[in-house]
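Asks: This is the structure I want to talk about, given as structure tokens.
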Amino acid sequence: GCVLVVSVIEQLAQWHNSTVKAAVERLCDYIPGKYQIISYMSCCIDKEMNADVVCHSLRLCKQDPGQPLCHLYSPPKREKHSSGLFHALAHARPKHQIRYKSFMGFSSVCAFPLLANLCEKIKYVLRNKLPFEDFDGDKFSTFPTLRGYHWRGRDCDDKNTTVYPGRRPDNWDAKSDSNCNGIWGVDPKDGIPYEEKFCKGADSKGVVLLGDSAGAHFHIPPEWMTVTQMSAKSFANLPMAFSDELDWPQFSEITGFLNSTIGGWTDSLYLRLRKRNRCNHRDLQNISQNGIVYFPINMAPYLSFSLARNQLLDNPAIVIYATIGNDVCNGERDTLAHMTTPKEMLSNVVQALRYLDSHLPNGSHVILTGLVDGRFLWDNLHDRYHPLGQLNKDITYSQLYSFLDCLQVSPCSGWLTPNETLRNLTSERALQLSNVLKEIARSEKFANFDIFYMDFPLRQTAQEWRKMGGEPWQLIEPVDGFHPSQIAAALGTGITWQKALHEWPQVLGKENPFNNQIEAIFKDQGGH
């Protein structure tokens, strides 16, 4: 974090030909008030030092005994090896001793008074995977972030626990909207409730994603660190992004429902299900988390307090089980030893499916998605410049991956590495785990849902994007160099939909013949 912020400040000073102090003031003008903690660093930056030297001299970046000295940039020119960095640090540390002591009072972002309240809210959300603002306790909210309706369908009565998206209508919603799909009341022409007239027998169903950071749609806007494009507008979405854990589920491949503001376009399984049957409005849940690994975590308790589905009162659901990388991805030095084994995968997935069988309404469906082949990342990014390296052509993705690996915070040591043998072994394990999922879908039977398997459609997505004139690297998030981009998410939706349409049409349900009438009434009544 320190290296990132110092790099941006130094590049701002370079781009605008200003002092470091002026660059810090400029950045603070861009950033919303309570997030201006970087102003505390202004005293500590020397324009002649690179970010590695500054952050090590402040001891915000530490070196454990016997561990290498981690650096993002090439060592200072005095010597083209690590002793050049040691030399720079030896000269930098004495002048930073007093500054170091004053700065370390705020060594945690959450120690800043203005951010303490937000941090507590985010900690609650991470602990419980539930909306922070949920007054009736039905796991749905009228508030967008902090696991609110960006993640789950928007509640339409947060004071009534029996009113929430996805439930079967109460008395055909003749008097009120119990399932929040906007369809309620009685047609004055014949006295039949609208919900009964338009949604009875329509095979309504919701969509639930059980996923990792790719499913949550992790994204750090590149304009936050590209000084040639930086302005106050660049950081307008910062408060929302932090409140959503740097995830953008509202634009995601499975549960997206808003027009993308982070590039590309939004296309999602939810939007297509809604278009197919307007009665599915708001019936979505994104139960994903950055860094979730279902081993050794017991999946059933995780689902028990996160999943909102009543077997007796609610509509069936399509559940997408998609942990596309985290069972093989970790930041450990001995990464292979920390990967999920096929035996562990089988045990944990079957246990999760048994829990779902005891809680999903009859007629539901589960789709198991295979793991991605992450060799695509190194092959398409390693020699390209990272957004932080665009200005001076000095940081490639290969350097970023090595830096994160040295810090032992790599999102995937097995794939983000120059070691081709390790990349191949990681993909081999991913394929083994995908085969476990495939076999589960083939052999296991459950009372309340049928089960299907599909490979993660990376190859088809890349082919489709090339046909549109795109380049493969554009399918990867530019800042972290790891997650699928907005373009990849949207293209993946179309591929998944076509597969389901041709191979499992029962999963998608039939098209509602009353969709146009529903929309016409909405239009006539001003959206109510």
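The values are calculated or read from the model by the stated rules, or taken from the named source; none is laboratory data. Please read these numbers as outputs of a predicted model, since none were measured by experiment. Cβ sites come from the backbone with ideal geometry, for glycine too, and all protein chains shown count toward neighbours. Accessible surface areas use protein heavy atoms only, side chains included; no ligands, DNA or RNA. Shrake-Rupley method; radii C 1.70, N 1.55, O 1.52, S 1.80 Å.
Asks: Can you put Tyr321, Tyr149 in order of accessible area, largest first, using a 1.4 Å probe?
Replies: Tyr149, Tyr321
Asks: Let me ask something additional. What are the residues whose amide H is under 5 Å from the amide H of Gly206, where those residues sit 5 or more places off or on another chain and H is modelled from the backbone?
Replies: Ala317, Ile318
Asks: Just to make sure I understand: if all protein chains stay in place, what is the order of Ser402, Ser234 by accessible area at 1.4 Å, largest first?
Replies: Ser402, Ser234
Asks: Residue by residue through the range 233-245, what is 3J(HN,Hα) from phi via Karplus (6.51 cos²θ - 1.76 cosθ + 1.60, θ = phi - 60°)? Round to whole Hz and write x for glycine and proline.
Replies: Along the range 233-245, the couplings run 4, 4, 9, 4, 8, 4, x, 5, 4, 5, 5, 9, 6 Hz.
Asks: Using only Cα atoms and rounding to the nearest 10 degrees, what angle (0 to 90) does helix 515-524 make with the longest principal axis of the chain?
Replies: 80 degrees
Asks: Continuing with the same structure: For helix 2-15, report the angle its Cα long axis makes with the longest principal axis of the Cα atoms of the chain; keep it between 0 and 90° and round to the nearest 10°.
Replies: 70 degrees
Asks: Right, here's the next one. Quick one: of Lys205/Lys499; Lys159/Lys523; Lys129/Lys445, which pairs are farther than 24 Å apart, Cα to Cα?
Replies: Over 24 Å apart, Cα to Cα: Lys159/Lys523; Lys129/Lys445.
Asks: Please go through the residue pairs Lys175/Lys200; Lys467/Lys510; Lys175/Lys197 and name each one whose alpha carbons sit more than 19 Å apart in this structure.
Replies: Among Lys175/Lys200; Lys467/Lys510; Lys175/Lys197, the Cα-Cα distance tops 19 Å for Lys467/Lys510.
Asks: How much of Glu511 can a 1.4 Å solvent probe reach, expressed as accessible area in Å² and rounded to 10?
Replies: It works out to around 120 Å².
Asks: Which of the listed residues, Leu307, Leu271, Leu58, is farthest toward the dipole's positive end in the chain, when Lys, Arg count +1 and Asp, Glu count -1 at the beta-carbon?
Replies: Checking the options against the dipole of the chain, the answer is Leu58.
Asks: If I take R0 = 22 Å and measure r between the Cβ atoms of Lys175 and Lys197 in this structure, what FRET efficiency does the formula 1/(1 + (r/R0)^6) give, to the nearest 0.05?
Replies: 0.90
Asks: Given a 1.4 Å probe and heavy atoms of the protein chains only, how would you sort Asp52, Asp177, Asp29, largest accessible area at the top?
Replies: Asp29, Asp177, Asp52
Asks: Distance between the C-alpha centers of the range 206-247 and the range 258-280? Whole Å please.
Replies: 18 Å
Asks: Could you list which residues have their amide H under 5 Å from that of Ile367, counting only those 5 or more apart in sequence or on another chain, with H placed in the peptide plane?
Replies: Val319, Ile320, Tyr321, Phe452
Asks: For the chain, find the longest principal axis of its Cα atoms and tell me its angle to the long axis of helix 82-103, 0 to 90°, nearest 10.
Replies: Between helix and principal axis, roughly 70 degrees.
Asks: What is the dipole size for the range 237-392, taken about its Cα centre, with +1 at each Lys and Arg Cβ and -1 at each Asp and Glu Cβ, in debye to the nearest 20?
Replies: Around 600 debye, computed over the range 237-392.
Asks: Now for a separate question. For the pair Lys343 and Gln408, how long in nm is the line joining their label points, each one 7 Å along Cα→Cβ?
Replies: The two pseudo-label positions are separated by 2.7 nm.
Asks: Thr255 accessible area, nearest 10 Å², 1.4 Å probe?
Replies: So the heavy atoms of Thr255 present about 0 Å² to solvent.
Asks: Search the structure for amide H atoms under 5 Å from the amide H of Glu477, placed 1.01 Å from N in the peptide plane, and list their residues when 5 or more places away or on another chain.
Replies: Those lying under 5 Å, H to H, from Glu477 are Phe482, His483, Ser485.
Asks: So for the chain, averaging the separation of alpha carbon pairs under 8 Å that are six or more residues apart and normalising by length, what relative contact order in percent results?
Replies: RCO, the chain: 14 percent.
Asks: Moving to a separate point now. Counting only the heavy atoms of the protein chains, how much of Ile262 is accessible to a 1.4 Å probe, in Å² to the nearest 10?
Replies: Rounded to the nearest 10, that gives 30 Å².
Asks: Using the crude model of +1 on Lys and Arg Cβ and -1 on Asp and Glu Cβ, and no other charge, please compute the dipole size for the chain relative to its Cα centre, in debye to 20.
Replies: 720 debye
Asks: So, for the chain, what is the accessible surface per residue at a probe of 1.4 Å, expressed in square angstrom?
Replies: That works out to 44 Å² for each residue.
Asks: Next question. Dipole size in debye (nearest 20) for the range 209-495 around its Cα centre, Lys and Arg Cβ +1, Asp and Glu Cβ -1?
Replies: For this selection, approximately 800 debye.
Asks: With unit charges on the beta carbon (Lys/Arg positive, Asp/Glu negative), name the residue among Trp465, Thr335, Leu416 whose Cα is farthest towards the positive pole of the charge dipole of the range 209-495.
Replies: The Cα lying farthest towards the positive end belongs to Trp465.
Asks: Considering only protein heavy atoms and a probe of 1.4 Å, how much of the accessible area of the range 209-495 is carbon and sulfur, as a whole percent?
Replies: 54 percent
Asks: How do 275-283, 498-506, 210-218 rank on mean C-beta neighbours within 10 Å, highest first?
Replies: The most tightly packed comes first, giving 210-218, 275-283, 498-506.
Asks: Express in whole angstrom the spacing between the alpha-carbon centres of the range 179-197 and the range 301-354.
Replies: Cα centroid of the range 179-197 versus Cα centroid of the range 301-354: 39 Å apart.
Asks: Quick check: from the Cα gyration tensor, does the range 209-495 come out rounded (a/c under 1.5), prolate or oblate?
Replies: Judged from the Cα gyration tensor, the range 209-495 comes out oblate (a/c at least 1.5, b/c at or above a/b).
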